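Bear in mind that the values in this text are calculations on the coordinates, not laboratory data. Every value quoted in this text rests on a predicted model; they were computed, and no experiment measured them. As a convention, Cβ positions derive from the backbone with ideal geometry for all residues, glycine included, and neighbour counts pool all protein chains shown.
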Amino acid sequence: MEMFIECLGASREVGRSAFLVHTDKNVMLDYGIKIFDESGKAKVPLETPVKPDFEVLSHAHLDHSGCVPMLYRKDNIRWYSTPPTRDICELLWEDSMKIMGPAIPYTLSQYKKALKYWSPMLYNQVMHTGDTKVRLLDAGHISGSAMVEIEHRDKVLLYSGDFKCEDTHMHKGAKFQKDVDVLVMESTYAKKEHPPRKEAEAQLMKEIHRTLQDGGNVLMPSFALGRTQELIALIRSYDKDVPVYVDGMGRDLTNVYLKHPRYIRDADRFRKQARSVFMVQGIPDKRAATRKPSVIISTAGMMNGGPVLNYLFNLNSRSKLVFTGFCVEGTNGWKLQNKGYITKDGQDLSVDLPIDYIDLSAHAGRSDLLEFIRQANPQKIVLIHGDKPEEFAQELKEKGYDAVAPLPGERVML
């Protein structure tokens, strides 16, 4: 029986990752949502042509996990992930129901059923089902993130999910893999090289120290998952005394990180770092954060809601905004960096504060993607999770690789 992949999302786009791999089993890889779509409405994966036998989730970011409860509209299937991924999903799915309201693509009962049908998988644990083997490998992206290896009749398929090869403060980088027949790989930064990590960190600390010495605050819009924890660890690694306030869902997710110490590079160190920052609990803490020079790490990372908007208009003129993550076009974060205003309650509000962007991406950059391909030396490459993966596919073809960038709904024979 020939292997093939049904591409149900994240094909020539970023968001709603969902891929059905057919061996002697139907294995669903991820099942995410695309929140920031050009239409203004969230997009879900295409309908699966057949019932999955089981689901394997690479990690908890909503563009990979946000529609998993939808699988429980009709079917009761098992889904597998690392323990941190499961706990993070519970928080993110519950929060999504509050934020999206009636637009959420699943019900409360489906959310509860999904949690009931979870089973744990640890890194390097091999699951045998029929003639198919499944193994998870550390992806170095966020807590519990995994690359998924599927072996069927001596053919090895590797699904990268989101991955990072370089060490960060929170995680060891993903290891390059060898002897891969089919590589299904993210191509988020296929055309971009990230700056050297140490240089970016030094630049960030320089901006922090300069702004605080001038009497201002450094406001850092931050993704609650992954980036908030990395910023806590990064800042504390360089400076144990600078006041740091953490607001938004990043507080709860930091607790999940600490609940699963094996999935952190140095759990004892991070526990001390997390205890040394102020976890904002109410209005008095919010006021204290802006009353004196400090660093404020707050959701949302793209500024479309969350406590970060309230902080924005309570900063003094000596303060500064520092973005460390990508903002989708049309979000407040993108508008602020490119147009100098945000939209709140239907009103465009100008912001007269200096803004910096310092790249601390949790994804592999161009050179690491190319090195990963070189070492894996696959017979076939399926490029996904990127804005223009077809251009990267053409580049790889010219290097002698069999590379494709499928469209949504396309079946790729392997």
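Taking Lys and Arg as +1 and Asp and Glu as -1, the other residues whose beta-carbon sits under 15 Å from that of Q347 total +1. Computing FRET efficiency as 1/(1 + (r/R0)^6) for I283 and E199, where r is the C-beta to C-beta distance and R0 is 25 Å, gives about 0.05.
Assuming charge only on the beta carbon of Lys and Arg (+1) and of Asp and Glu (-1), the dipole of region 353-414 about its Cα centre is about 300 debye to the nearest 20.
By the helix-only formula, in which each DSSP H run with n ≥ 4 contributes -39500 (n - 2.57) and the sum is divided by residues, the chain has a 222 nm mean residue ellipticity of -8500 deg cm²/dmol. Find how much the distance from K155 to M127 grows on full extension, using 0.36 nm per residue of separation minus their present alpha carbon separation; answer in nm with one decimal. Residue separation times 0.36 nm, minus the Cα-Cα distance, leaves 8.5 nm. Quick one: if you stick a label point 7 Å off each Cα along the C-beta vector at L349 and R262, how many nm between them? Taking the two extended label points, one gets 4.6 nm. Once the chain from D402 to T107 is taken as fully extended at 0.36 nm per residue, the excess over their C-alpha distance is 102.0 nm. Sorting the segments 161-173, 263-275, 286-298 by their residues' average number of neighbouring beta-carbon atoms within 10 angstrom, most packed first, yields 161-173, 286-298, 263-275. Of the peptides 230-242, 301-313, the order by per-residue mean of other Cβ atoms within 10 Å, starting with the highest, comes out as 301-313, 230-242.
When only the Cβ of Lys, Arg, Asp and Glu is charged (+1, +1, -1, -1), the dipole of region 67-138 relative to its Cα centre reaches about 260 debye.
Once the other residues with Cβ under 13 Å from the Cβ of K320 are scored (Lys, Arg +1; Asp, Glu -1), what is the net sum? Spell out each step's value before the answer.
Details: positive: K206, R210, R318; negative: E207, D214, D352, D356.
Value of the local net charge: -1.
For region 197-357, the relative contact order comes to 31 percent (Cα pairs under 8 Å, sequence separation of at least 6).
Contact order normalised by length for region 1-138, with contacts defined as Cα pairs under 8 Å and 6 or more residues apart; what percent is it? The partial results should precede the final answer.
Numbers: 264 pairs, mean separation 26.4, N = 138.
Relative contact order for region 1-138 comes out at 19 percent.
Given the peptides 390-403, 97-110, 212-225, arrange them by the average over their residues of other C-beta atoms within 10 Å, most packed first. Walk me through the numbers before you get to the answer.
On the way: 390-403: 15.5, 97-110: 13.4, 212-225: 22.6.
For the peptides 390-403, 97-110, 212-225, the packing ranking is 212-225, 390-403, 97-110.
What length, rounded to one decimal in nm, is gained on full extension from E391 through to H209, with 0.36 nm per residue of separation minus their alpha-carbon distance? Working shown, then result.
On the way: separation 182, 0.36 × 182 = 65.52 nm, distance 4.12 nm.
Residue separation times 0.36 nm, minus the Cα-Cα distance, leaves 61.4 nm.
A straight Cα-to-Cα reach below 15 Å connects K388 with the aspartates and glutamates E13, E186, residues fewer than 8 places away in its own chain not being considered.
In a simple Cβ point-charge model (Lys, Arg +1; Asp, Glu -1; nothing else charged), the chain has a dipole of about 1200 debye relative to its Cα centre. Looking at I35, P45, F270, which one has the Cα that reaches farthest to the positive end of the dipole of the chain (charges on Cβ: Lys, Arg +1; Asp, Glu -1)? Farthest along the dipole direction, towards plus: F270. What is the chain's relative contact order, in percent, from Cα pairs under 8 angstrom and six or more apart in sequence? In percent, rounded to a whole number, it is 19.
Relative to the longest principal axis of the Cα atoms of the chain, the long axis of helix 366-376 lies at roughly 30 degrees.
Once the C-beta distance of D239 and Y357 is scaled by a Förster radius of 22 Å, the resulting FRET efficiency is 0.55 to the nearest 0.05. Three principal axis extents of region 283-356 based on alpha-carbon atoms, in descending order, are 33, 24, 21 Å. Across region 58-65, computed HN-Hα scalar couplings (Karplus, 6.51 cos²θ - 1.76 cosθ + 1.60, θ = phi - 60°) run 6, 6, 8, 3, 4, 5, 10, 10 Hz from first to last residue, x flagging Gly and Pro. With the cut-off at under 19 Å, measuring from each backbone N in region 21-42 to a point 7 Å along the Cα-to-Cβ line of V328 picks out 30-42.
Placing R0 at 51 angstrom, the Cβ-Cβ distance between R269 and D75 gives a FRET efficiency of 0.75 after rounding to 0.05.
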